[in-house]
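Below you'll find the structure, written out as structure tokens, and then a few comments.
The values are calculated or read from the model by the stated rules, or taken from the named source; none is laboratory data. Everything quoted here is computed from the prediction, not taken from an experiment. We place every Cβ from the backbone using ideal geometry, glycine too, and count neighbours over all the protein chains shown. Surface accessibility is based on the protein's heavy atoms, side chains included, excluding ligands, DNA and RNA. Shrake-Rupley method; radii C 1.70, N 1.55, O 1.52, S 1.80 Å.
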Amino acid sequence: MHSPSFPLSVWWIVSAVATVVYIAFYAVLLPDRRLTVRLCTAPAWMAAAAAVLALIRWLDAQQALACYSAALLALVLALAGRRKAIRQAILDGAGRPGVEPPKPTPGMYAQFLGACAGAIVLAAWFSA
């Protein structure tokens with residue numbers, strides 16, 4: 001099965017929508033403002049990496065934008081539906097010295113791995 005071929009302008013729109021979805025999701029995920037700001041700057045770093053890959057011609061612009069969009073959406077899907085558990089873990093002190101974070105459940109592992117695998121497959125398919 002061949003991947004669909006979209007014009008570059010469509011990939012810019014998809015990337016913009018993926019960025020908005022990512023920021024909207026992570027802006028309300030954590031109760032700690034410092035962590036929220038760090039997470040919400042990730043798209044800028046990822047966009048810079050995609051631009052570098054396109055500039056050195058390792059990927060063309062459409063492939064770079066497809067990979068960027070798939071990665072952002074995978075990061076959202078990896079934690080979708082886990083907001084309450086993540087917020088509670090942060091409020092309980094997870095991440096501070098001497099405080100053990102809660103153990104992830106098998107369902108959390110499956111969701112994270114499924115989202116990452118889906119992103120890799122999507123990015124590879126759209127880049128083919």
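With the whole protein complex present, residue 11 retains an accessible surface near 20 Å², based on a 1.4 Å probe. Once C-alpha pairs closer than 8 Å and six or more residues apart are averaged by separation and normalised to the residue number of the chain, the relative contact order reads 33 percent.
The figure for residue 14 is an accessible area of roughly 60 square angstrom, using a 1.4 Å probe on the protein chains alone.
Taking all Cα pairs closer than 8 Å and separated by 6 or more residues, the relative contact order of segment 75-128 comes to 47 percent. Just one of (i) 48, 30, 23; (ii) 51, 27, 16; (iii) 37, 31, 27 is Cα extents along the principal axes in Å calculated from these coordinates, so which is it? Among (i) 48, 30, 23; (ii) 51, 27, 16; (iii) 37, 31, 27, the one calculated here is (i).
With only Lys, Arg, Asp and Glu charged, each at its Cβ (+1 for the first two, -1 for the last two), find how big the charge dipole of the chain is about the Cα centre; round to the nearest 20 debye. Write out the running numbers ahead of the final one.
Numbers: 10 positive and 4 negative charges, 77 e Å.
Once rounded to the nearest 20, the dipole reads 380 debye.
Divide by every residue of the chain the summed helix terms, -39500 (n - 2.57) for each DSSP H run of at least 4, and state the resulting mean residue ellipticity at 222 nm, rounded to the nearest 500 deg cm²/dmol. Could the numbers behind the result be given before it?
Numbers: 6 runs with 92 residues, N = 128.
Result for the chain, helices only: -23500 deg cm²/dmol.
In Å², and per residue, what accessible area does the chain have when probed at 1.4 Å with the other protein chains present?
Working: 8410 Å² over 128 residues.
In whole numbers, the chain has 66 Å² accessible per residue.
For segment 13-117, the fraction of 1.4 Å probe accessible surface lying on carbon and sulfur atoms is 70 percent. Rounded to the nearest 10 square angstrom, residue 69 shows an accessible area of 0 square angstrom against a 1.4 Å probe. The angle between the Cα long axis of helix 42-55 and the main principal axis of the chain comes to about 30°, on a 0 to 90 degree scale.
Comparing 118, 56, 74 along the charge dipole axis of the chain, the residue lying farthest to the positive side is 74, per the Cβ-charge model. Radius of gyration (Cα atoms) of segment 3-58, expressed as a multiple of 2.2 N^0.38 Å: 1.37. The share of Cα pairs per 10 Å bin across segment 64-128, counted from zero up to the longest distance, runs 21, 38, 26, 13, 2 percent.
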